[in-house]
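Some notes on the structure that comes next.
Please treat every number below as a calculation from the coordinates, not as lab data. Bear in mind the structure is a predicted one, so any value in this text is a computation, not a measurement. Note that each Cβ is placed from the backbone with ideal geometry, even for glycine, and that neighbours are counted across all protein chains shown.
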Amino acid sequence: MTSLIRQPRFMALQELKQQEQAISLAQRFDEDPARFSRFCFAFGEHMRVDLSRQHWSSEVQALLCELARDMKLESAIAALFGDNLFNHTEGRAALHTALRMPEGASAILDGENVVPQVHAEQARLRAFCERVHTGEWRGFGDQPITDVVNIGIGGSDLGPAMVTEALAPYQGLALRAHFVSNMDGAQLGSVLADLDPTTTLFVISSKTFTTDETMTNARAARAWLLSACGCEAHIARHFVAVSTNTEAVTAFGIDEANMFRFWDWVGGRFSLWSAIGLPIALAVGFERFQQLLAGAHAMDEHLRTTPFEHNIPVQLALLSIWNINVLGLQSEGVFPYSQQLKRFPAFLQQLNMESNGKGVTNAGSPVDHASGPVVWGEVGTNGQHAFFQLLHQGSVVVPAEFIGFARSAYPYPEHQRKLLANMLAQAQAMAFGKSREQVEAELAVEGHSAEAIAHLAPYKVMPGNRPSTVILCDELTPYNLGALIAMYEHKTFVQGVLWNINSFDQWGVELGKKLAARLITDLSSDEVTTTHDGATNGLLAQIKAWR
Ligand code: F6P
């Protein structure tokens, strides 16, 4: 496949760059009263994605769609729903879309429909949730479970943790969910400090069941439980596993009957839809989990069947190609105006940066253009009082994505009004800013002297003309959240297709794991270590002196 930047349509886009940059966002709206309706996309009744405050035009948009066709996006999308999407560097398929297909649907892998397996496992999850919720599943003190602790990291933590927090208003089941991921024992310690072992259930979530953080936390949790119950036989009532590795699960001491499966064709960062979503189902109920799957499936169908010109994940991805590869904007800020989505930026970081932070093409050659952006963010309005200064007046232009909800599940209408007003205001300020004339006029009204006005005005000018997107939903329901997450999954996938990289591997994380294993051994003794580079030897010596 010819590289993105050598595609004729990409070159045509580059030729448009100067012309497009010369038109301000304010001008675009002045000249085209229909701009909002042309660039605001609808996903069913519940979601609108407003791309009108981006530095692009219908001409750019049309070229980007043609570029996507040239780069065979249509067949790549078809492959995402069938037999053909091969994660060639890990030797496995990528078929997470099958996890949210309804019963009776078909996703063929190696000649076999995997959807029945998916639903069989869902039936096991549902039955297990029911046993926990009804109190039939009991701990060693014959008490019902009150607390669930998910132990996992990366995709085995971020998705379930983010969704569980996002759907907090749906948690009416008297079951508290906790998440432990970090190698820092402070996290496990602080979670366990508040728990009663007799009523605590641990879900050990790990696709490989070898990840050091997870296994270290799982062993410590096991020891904590054992010291309370005093008998190995009781472990079965307090530990279940979610994994693809039956052998390692049983070797850890978890009964196969208490293991929930998923498959190697589900990548970690795409796994919350599988049994990895067990903590979600335990916290909010299996029906809500199904609504989450239904929302994601609806977005899958939208991706699969909608022409590129109206296809939301495709538009988001193409816009990012325009911003990153043509305009040179290599950072994306994500700002949910929803405290419930506090963990959403962290989730998106893994989704996008682990998928597209790549420097080698599918053909094994170096990528000759920018690929995955730096994704970062924080909930609004908190970010406004921290780093939004840079968004408005800094020398780096960061395209922002604002996510908001018209209704809140919490009984504070004044808060919600002000929250939404702030979100809209930030997008407005970024796009349209405040001119020198406006600033001077304001300062004059405030009674400042001519000298003071001349001094202050330059600092108060807001350049504006900074791009942003607004994603607006009616409410943060399980269905809408499923659609929102799937939308970002597909944006990530489409970007990877255009960059011709494998979005489904993550070899870049391996070296650090191997080096850490060696350093763990070095830190196990007090002897002076001289086998590393000078800096590492020096720091090891300091740690040994201080600990
Ligand atoms: O180290 C990266 C990674 O492999 C992620 O891709 C994955 O989500 C995470 O570790 C956890 O892996 P596992 O579920 O196998 O413990």
Can you bin region 1-64 into rounded, prolate or oblate? Criterion: square roots of the alpha carbon gyration tensor eigenvalues sorted a ≥ b ≥ c, rounded for a/c under 1.5, prolate for a/b above b/c, oblate for the rest.
oblate
Sequence-distant lysines (8 or more away, or on other chains) whose Cα lies within less than 27 Å of residue 207:
342, 358, 491, 513, 514
Is the chain rounded, prolate or oblate when judged by the Cα gyration tensor, a ≥ b ≥ c being the square roots of its eigenvalues, rounded requiring a/c under 1.5 and prolate requiring a/b larger than b/c?
prolate
Between region 320-369 and region 499-539, how far is it from one alpha carbon centroid to the other, in angstrom?
25 Å
For the chain, whose charge dipole is built from +1 on Lys and Arg Cβ atoms and -1 on Asp and Glu Cβ atoms, the candidate among 502, 356, 411 with its Cα farthest towards the positive end is 411
Measure out, as a whole number of angstrom, how far apart the alpha-carbon centroids of region 29-68 and region 187-251 sit.
49 Å
Whole-Hz couplings from phi, Karplus 6.51/-1.76/1.60, listed for region 89-104; x for Gly and Pro:
8, 10, x, 8, 7, 10, 9, 4, 4, 5, 5, 10, 6, x, 4, x
Treating only Lys and Arg (+1) and Asp and Glu (-1) as charged, each at its beta carbon, one finds that region 1-117 has a dipole about its Cα centre, in Debye to the nearest 20, of 260 debye
Alpha carbon convex hull of region 213-276, projected area averaged over orientations, nm²:
4.6 nm²
Considering amide H positions built from the backbone, and no H for Pro or chain starts, which residues 5 or more places from residue 405, or on another chain, come under 5 Å of its amide H?
473
Normalised by the empirical 2.2 N^0.38 Å for globular proteins, what value does the Cα Rg of region 274-391 take?
1.28
Sites residue 11 and residue 362 - FRET efficiency at Förster radius 22 Å, r taken between beta-carbons, to 0.05
0.55
Loop-resident sites, region 1-98, for GluC sites (Glu not before Pro), counting at most 12 other Cβ within 10 Å (DSSP):
45
Would you mind working out the magnitude of the charge dipole of region 473-547 relative to its Cα centre, with +1 at each Lys and Arg C-beta and -1 at each Asp and Glu C-beta, to the nearest 20 Debye?
240 debye
Please state the relative contact order of the chain as a whole percent: Cα pairs under 8 Å, 6+ residues apart?
18 percent
Which one of 167, 139, 78 has its Cα pushed farthest toward the positive end of the charge dipole of region 74-169, where Lys and Arg give +1 and Asp and Glu give -1 at the Cβ?
139
Let me make sure I get this right: for region 200-241, a, b and c are the square roots of the gyration tensor eigenvalues over alpha carbons, sorted descending. Under 1.5 in a/c it's rounded, otherwise prolate if a/b > b/c, else oblate. Which is it?
prolate
Any residue on another chain or 5+ positions along whose placed amide H is under 5 Å from the amide H of residue 178 is listed here as 148, 149, 150
Please work out the C-alpha center-to-center distance from region 254-297 to region 421-457 and express it in whole Å.
51 Å
Hits for the chain under the membrane-span-like helix rule (DSSP H, Cα axial span at least 24 Å, Kyte-Doolittle mean at least 1.0) are none
Kirkwood hydrodynamic radius of region 15-169 from all distinct Cα pairs, in Å?
21.1 Å
Extreme residue, positive dipole direction of the chain, given options 10, 221, 329 (C-beta unit charges):
329
Per-residue ellipticity at 222 nm attributable to helices in the chain (runs of n ≥ 4 DSSP H, -39500 (n - 2.57) apiece, nearest 500 deg cm²/dmol) works out to -14000 deg cm²/dmol
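What does the charge count near residue 208 come to, summing +1 for each Lys or Arg and -1 for each Asp or Glu among other residues with Cβ under 13 Å from its Cβ?
Numbers: positive: 92, 207, 513; negative: 90, 212, 213, 247, 264, 510.
Once all neighbours under 13 Å are counted, the net charge is -3.
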Between Rg and the Kirkwood Rh of region 172-296, both from Cα atoms, what is the Rg to Rh ratio?
0.95
Toy charge model, Lys and Arg Cβ at +1, Asp and Glu Cβ at -1: the chain dipole around Cα centroid in debye, rounded to 20, equals 240 debye
What lysines sit close enough to residue 460 to cross-link, taking a C-alpha to C-alpha distance under 20 Å and skipping anything fewer than 8 places away on the same chain?
434
